[in-house]
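The numbers here are math on the coordinates, done by the rules we state, and not lab data. Since we're looking at a predicted model, the values are computed, not measured. Cβ placement follows ideal geometry from the backbone for every residue including glycine, while neighbour counts extend to all protein chains displayed.
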Amino acid sequence: MSGAGVAVRDAATDSLTFAFADAAAERCGLARLGVVTGTDGERRGSALAVLFAGREPVAALARGDLPVPAGADWSDLDVDGLRVRTAAPGDPTQRTASAGTGTHWEVEWAASDGQGFTLAFEAVGAPATLAPDAPAARAGGMAGADAPCRVRGTVRTAGRSVEVDGLGQQSRAWGNPDWSRIELARTVAAWTPAASAAFLAVRPAGARHHDEEAAWAALWEGEQPMAVADGRLSTSYDAAGHPFRAALELWPEGEDAWPRHGAGQVLCGTSLDLGALRLDCGFFRWHLEGREGVGRYDVLRRAAAG
């Protein structure tokens with residue numbers, strides 16, 4: 001979805017999002033770079049990042065309408081100190097999913113106070129694609145693809161460097177989101193060493209409940225993603241309205257398929273003001289079919305008027 005407060009209509013948005021968590025090191029975070037191309041061909045960028053140490057958010061970045069270097073693409077793009085470099089088979093500038101296992105991204109963020117991270121994301125599964133004609137893509141105005149990753153590198157917090165060896169996700173999205181038609185979008189993921197899941201739900205403007213959302217889901221129990229015929233998400237919220245417990249039920253396609261279940265509990269979270277939008281960013285401890293892991297639960301919504 002659009003980032004750093006830019007409500008995109010007559011423009012084309014292309015973005016890369018990276019999320020990671022290492023429960024043992026108690027470090028997790030999110031990084032998103034977006035490029036918006038207007039009808040006049042001008043390109044502007046957005047940079048979004050948040051970093052947690054234990055349960056606390058220790059650094060955050062949310063800026064939009066930033067200059068994009070001439071000729072820059074996803075092979076090497078730096079926007080306001082948030083940088084991604086792509087090493088993948090084929091042409092990394094094409095608007096397609098990553099090429100599967102073996103694809104590698106280097107993500108760096110240097111906050112003004114010295115905190116940040118230098119991380120390598122290595123795809124451990126082929127990408128699952130959200131097609132442009134899927135209900136969730138039509139509702140949100142964005143197609144995309146997700147791939148589970150192994151994440152290694154260094155996180156810097158409060159003058160201390162911590163080595164991380166965790167799990168995460170790389171996501172790419174492109175399209176024309178119109179936030180006058182969208183109430184909110186949920187992005188949920190569960191990562192374990194043996195299996196991973198991704199879930200997206202878009203709620204149209206004026207709707208109030210889960211069952212009114214257009215949803216998409218994917219499941220990995222090996223390198224290739226499994227198509228999911230039906231995905232369901234239930235959520236419990238704290239007094240401030242933030243997700244703190246969630247349950248996933250995913251039904252893969254096929255006559256002999258059986259549902260996969262996941263249950264998550266919040267580890268940490270925060271809210272970021274993105275101008276026209278608000279992001280509730282959370283990381284969860286997940287159990288997916290009895291396998292322990294980590295993951296994320298993000299809610300992007302229109303900011304309250306006034």
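Can you grab the distance from the C-alpha centre of the stretch 122-159 to the C-alpha centre of the stretch 64-81, Å, no decimals?
Going from one Cα centre to the other spans 19 Å.
Please give, to one decimal in nm, the separation of the simple spin-label points placed at His261 and Asp113, each 7 Å out from Cα toward the Cβ.
4.2
Residue by residue, what Karplus-based ³J(HN,Hα) values in Hz, rounded to whole numbers, does the stretch 204-213 have, using 6.51, -1.76 and 1.60 with θ = phi - 60° and x for Gly and Pro?
Values, residue by residue: x, 4, x, 7, 10, 10, 4, 6, 9, 8 Hz.
Order these peptides, 110-122, 168-180, by their mean beta-carbon neighbour count within 10 angstrom, highest first.
Numbers: 110-122: 17.6, 168-180: 21.5.
In decreasing order of mean packing, 110-122, 168-180 become 168-180, 110-122.
Have a look at Phe18, Ala227, His209 and report the one farthest towards the positive end of the charge dipole of the chain, computed about the Cα centre with Cβ charges (Lys/Arg +1, Asp/Glu -1).
Farthest towards the positive pole: His209.
Which value, in debye to the nearest 20, gives the size of the charge dipole of the chain about its Cα centre, when Lys and Arg are +1 and Asp and Glu are -1 at the Cβ?
So the dipole magnitude of the chain works out to roughly 640 debye.
Place +1 on the Cβ of every Lys and Arg and -1 on the Cβ of every Asp and Glu in the chain, take the dipole about the Cα centre, and give the residue among Leu61, Val294, Leu119 whose Cα lies farthest towards its positive end.
About the Cα centre, the residue reaching furthest to the positive side is Leu61.
Net charge near Asp273, counting Lys/Arg +1 and Asp/Glu -1 over other residues with Cβ under 13 Å of its Cβ?
Cβ neighbours under 13 Å give a net charge of +3.
Highest mean first, how do 51-63, 191-203 rank when packing is the count of other Cβ atoms within 10 Å averaged over residues? Write down the numbers at each step before the final one.
Working: 51-63: 18.7, 191-203: 23.9.
Taking the mean over residues of other Cβ atoms within 10 Å, the ranking is 191-203, 51-63.
Please give the calculated 222 nm ellipticity per residue for the chain, where each DSSP H segment of at least 4 residues contributes -39500 (n - 2.57) and the sum is spread over every residue; nearest 500 deg cm²/dmol?
-500 deg cm²/dmol
Tell me which residues come under 5 Å, amide H to amide H, from Cys268 once H is placed; ignore anything under 5 positions away on its chain.
Phe283
If you add up the charges near Val84, with Lys and Arg at +1 and Asp and Glu at -1, over every other residue whose beta carbon is less than 13 angstrom from its beta carbon, what do you get?
Overall, the nearby charge balance is -3.
Provide Ser15, Ser161 in ascending order of the number of other Cβ atoms located within 10 Å of each residue's Cβ, fewest first.
Ser161, Ser15
Would you please give the residues with an amide H less than 5 Å from that of Val58, counting only those at least 5 places away or on a separate chain, with H modeled from the backbone geometry?
Residues meeting the criterion, in which the H sits 1.01 Å from N, are Leu51, Phe52, Ala53.
Using 0.36 nm per residue of separation minus the Cα-Cα distance, give me the extension gain between Leu66 and Ser180 in nm, one decimal. Walk me through the numbers on the way to the answer.
Numbers: separation 114, 0.36 × 114 = 41.04 nm, distance 2.30 nm.
Once the chain is fully extended between Leu66 and Ser180, it gains 38.7 nm.
So who's got an amide H within less than 5 Å of the one on Gly141, skipping anything under 5 residues away but keeping other chains? H placed 1.01 Å off N, in plane.
Counting only residues 5 or more places away or on other chains, the set is empty.
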